[in-house]
Amino acid sequence: MPIIRGKPLAIFMTVPALALTIGTAYRMNFPPFEEQPRTISTGDTCEALGESKDLVPALRIALPKERQYTFINSPIQTSGYQYQVHCSARDEDRMTVIVLRTRLMQPMERENWISKQLNDSADDNPLVDFKAGLTATASTTRAGIQVPCDPKPGTLGGRNNLGVNVFLHEAGEASDKDTRQALIDIVRSAAEYAHKDAKCELPSKL
């Protein structure tokens, strides 16, 4: 390399040449320009997951890091006795990592409700109840809340509850304790949204 007064000529590279070199490094993903996964933000999530201040931090804890996520909001029916909403998040490989299902339901006893609505991710992780709604329980892979609703006086079927259920198909690197608490925060946020969205007449008890 040519030397000018003991210094490599490279340090005298013109601005256009330097810009070209940096641009090439960026396009080729050389350090420090490797493509970084985008952090989950409020604007990324499904409407059905709600707007709690705890929602986004909880998603960052529950889901694996270093990935890109796409949230898919799929309202099925949002009126009267047939209220149902569905949301899921997929990573860049189109693998579903978390699912939310909310629907209007007849009141159920705890065990019957778990058997019918929370058995998608049944495993050895024990469900432990927490205080929210009429019945609420969570493990490291699933969480659910029954919320009092009765969307309209005189609606067919009489008094009803909302069943709000979250299923984590792949957990991140957090501890079991933190993952379970994250699912509680997520399902509580979704329950708050559903109770308002369904125009429930009864207090949510959340």
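Rule-based calculations on the coordinates, nothing more; no lab input. All values derive from a computational prediction rather than experimental measurement. Reconstructed Cβ throughout: ideal geometry from the backbone, glycine too, with neighbour counts over all protein chains shown.
Odds and ends about this structure:
- Residues with amide H under 5 Å from that of SER139, placed H, sequence gap 5 or more: VAL128
- Calculated from the alpha-carbon coordinates, region 42-197 shows an Rg and a Dmax of 14.9, 49 Å respectively.
- Among LEU162, LEU168, LEU206, sorting on how many other beta-carbon atoms sit within 10 Å of each Cβ, with the fewest leading, yields LEU206, LEU168, LEU162.
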